[in-house]
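Novice: Quick one: structure below, then a few questions.
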Amino acid sequence: MSITLFGTAGSTCTSLVLTTLFEKQVQDFVLKNVNLAKGEHKKPEYLKLQPFGVIPVLQDGDLTIFESRAIARYVSDKYEGQGTPLLGKTEKERALVNQWLEVESQNYYPVVSSIAYQLVFGPRRGLKPDEKVVEQQLEKFEKILDIYEEHLAKNEYLAGNFFSLADLSHIPYTYLLLHQAKKGEGITSRKHVKAWWDKISSRPSWKQLLDLRAQS
Amino acid sequence: MASLKVYGKTYSTNVTRVLTTLAEKNVDDYQMVPIDLLTGANKTPEYLKLQPFGQIPAFQDGDFTLYESRAIARYISDKYEGQGTALSGNTEREKALVNQWLEVESQNYNPCAGKIVFECVFAQILAGRPTDEAVVKEQLEKLEKILDVYEARLTHHKYLAGDFFSLADLAHIPVTNNLINVAKKGELFSSRKHLNAWWEDISSRPSWQKVLQIIQAGQQQK
């Protein structure tokens, strides 16, 4: 057993890595819970692994790697020969997977995480949501989703007609938006976005993640 | 006619990230197609067909269109694997560390540094308002902490992913140039010995010097 993942099943970023592991049929790893409430992620032992003091971080033998999207890429490469191919098979497919991974990272994620902060993470720390910020971010989100709708009307998945890490990387935060922030109308009101969401969120890998959360 | 096209303008750090990658891979044979945000050229139906988010750059290789500067940089790095500087790491481990620091740039460094540069340099021109000093202060505090982590890393490694220059270092160059030379926040770097040495090293690479010339030439055209 060479892989240890530090994080929590409830965390969106850790969930990205866990779902990638499941998608690649990797079951043989250890999930070490990091107690955020006790500030474990800011203690010296943890900072030696992840100097920015956030979760997750993965150890594989003597290699330590952080940033969930980078870890997900590592897992996809390392287990190339098993499970779902996640990074594309040709030069062009790979490029399109990378493009949509960046779209998630640069366009989708900042907006959704801002809404999540206002409506979910902030309130957990006793902060009141700033309704103006939520409204502004939702407006931005609508414009982004219009582009996704048009794209998914012509493509079954983001990078083409194959599921990839680009689709997977959207799952944890979108799930949070729908089920915890309760701001999913943008997703559910668009025919092709909704069909895409239903498909990707019903994959066995995501179901396994949700089961793990339920047990935690 | 060059089959490679880069759409955008050289005032964009996302565009110059791509140009620096091309230079690092010894790829000269490409065409720059001006798309000026200030004239709304990025909102025309023709451009939106290439880049539906209306952002620059967009990139074409023949009839293959790609956008997002870091994805374009990865594509160039892969396509021209056999020439120029190896940018993506040679082993599985090296690749992982390149990807890790690319994400740090993308998720931590760029948002912070970008906001500071925007407030100090572009707020008036692009948003018609003065610098928001509160935002600058907040982002500088964040960036100081981030750069402390960089300093610690670069104390033990010449470059971010290890002892080899990679796309992870390259990705930082355009925004850092703006931060130090245009927004005049050089103290952030000069006060950190190893970070400063790293910056001196990567910004003196021929690829970046070439892009600086392209930027200057672009500024002279009206």
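Novice: With every protein chain in place, what's the accessible area of A:SER15 (1.4 Å probe, Å², nearest 10)?
Specialist: Surface accessible to solvent at A:SER15 totals approximately 0 Å².
Novice: How many angstrom separate the Cα center of region B:76-107 from the Cα center of region A:106-133?
Specialist: A separation of 33 Å, based on Cα centres.
Novice: Would you list, by chain and number, the aspartates and glutamates whose Cα falls below 13 Å from the Cα of A:LYS207, excluding same-chain residues fewer than 8 positions away?
Specialist: Leaving aside aspartates and glutamates fewer than 8 places away in the same chain, those within reach of A:LYS207 are A:GLU23, A:ASP198.
Novice: Using a Cα distance threshold of under 26 Å, what count of lysine pairs results for region B:48-179 when pairs must be 8 or more residues apart or interchain?
Specialist: Total qualifying Lys-Lys pairs in region B:48-179 comes to 10.
Novice: Enumerate the calculated ³J(HN,Hα) couplings along region A:67-79 in order (Karplus 6.51 cos²θ - 1.76 cosθ + 1.60, θ = phi - 60°), each rounded to whole Hz, writing x wherever the residue is Gly or Pro.
Specialist: Each residue's phi maps through the Karplus curve to give 6, 4, 5, 5, 4, 4, 4, 4, 4, 4, 6, 4, 9 Hz.
Novice: Looking only at B:ASP169, B:ASP63, B:ASP28, which one moves most when chain B is put into a Gaussian network model with springs between Cα atoms under 10 Å?
Specialist: Maximum among the listed residues: B:ASP63.
Novice: Residues of region A:144-180 with amide nitrogen under 20 Å from the 7 Å Cα-to-Cβ point of A:LYS92?
Specialist: A:151-167, by backbone N distance to the label point.
Novice: A further question follows. For region B:81-94, what does the Karplus curve 6.51 cos²θ - 1.76 cosθ + 1.60, with θ = phi - 60°, yield as ³J(HN,Hα) per residue in whole Hz, taken in order and with x for Gly and Pro?
Specialist: Once rounded to whole Hz, the list reads 3, x, 9, x, 7, 6, 10, 10, x, 9, 10, 4, 5, 4.
Novice: Work out, step by step, the length gained on full extension between A:ILE147 and A:LEU212: first 0.36 nm times the residue separation, then minus their alpha carbon distance; give nm to one decimal.
Specialist: My answer for the length gained is 20.1 nm.
Novice: Just list whichever of A:LYS32/A:LYS182; A:LYS154/A:LYS182; B:LYS25/B:LYS193; A:LYS140/A:LYS183; A:LYS143/B:LYS9 have alpha carbons separated by over 19 Å in the model shown.
Specialist: Check vs 19 Å cut-off fails for A:LYS32/A:LYS182; A:LYS154/A:LYS182; B:LYS25/B:LYS193; A:LYS143/B:LYS9.
Novice: Could you name the aspartates and glutamates in cross-link range of A:LYS191, using Cα to Cα under 16 Å and dropping any fewer than eight places away on the same chain?
Specialist: Partners found: A:GLU142, A:ASP146, A:GLU149, A:GLU150, A:GLU156.
Novice: Loop only per DSSP, at most 16 neighbouring Cβ atoms within 10 Å: give me the chymotrypsin sites (Phe, Trp or Tyr not before Pro) in region A:13-57, ordered by residue number.
Specialist: Sites meeting the loop and neighbour criteria: A:PHE52.
Novice: At a 1.4 Å probe radius, which order do B:TYR159, A:TYR175 fall into by accessible area, largest first?
Specialist: A:TYR175, B:TYR159
Novice: Protein chains only, probe 1.4 Å: how do B:CYS112, B:CYS120 rank by accessible area, largest first? Show your work: numbers first, answer last.
Specialist: Values: B:CYS112 5, B:CYS120 50 Å².
So, going from the largest accessible area down, we get B:CYS120, B:CYS112.
Novice: Output the antiparallel fraction of DSSP beta bridges having both residues in the protein assembly as shown, as a percent to the nearest 5. All intermediate terms of the calculation are to be shown ahead of the outcome.
Specialist: Numbers: 17 of 27 bridges.
Taking every DSSP beta bridge within the protein assembly as shown, about 65 percent pair in antiparallel fashion.
Novice: In the Gaussian network model of chain B, springs joining C-alpha atoms below 10 Å, which of B:HIS157, B:HIS172, B:HIS194 carries the largest mean-square fluctuation?
Specialist: So, out of B:HIS157, B:HIS172, B:HIS194, the one fluctuating most is B:HIS157.
Novice: So, one more: Please list 3J(HN,Hα) in residue order for region B:198-213, calculated via the Karplus relation 6.51 cos²θ - 1.76 cosθ + 1.60 where θ = phi - 60°; whole Hz, with x for glycine and proline.
Specialist: Here the 3J(HN,Hα) series is 4, 5, 4, 5, 6, 7, 9, 5, x, 4, 6, 4, 5, 5, 4, 5 Hz.
Novice: Take A:PHE121, A:PHE66 and sort them by solvent-accessible surface of the protein heavy atoms, 1.4 Å probe, largest at the top.
Specialist: From most exposed to least exposed: A:PHE121, A:PHE66.
The values are calculated or read from the model by the stated rules, or taken from the named source; none is laboratory data. Predicted model only: the values in this text are computed from it and were never measured. Every residue, glycine as well, gets a Cβ built from its backbone with ideal geometry; the counts of neighbours run over all protein chains shown. The accessibility values were calculated without ligands, DNA or RNA, using every heavy atom of the protein model including side chains. Shrake-Rupley method; radii C 1.70, N 1.55, O 1.52, S 1.80 Å.
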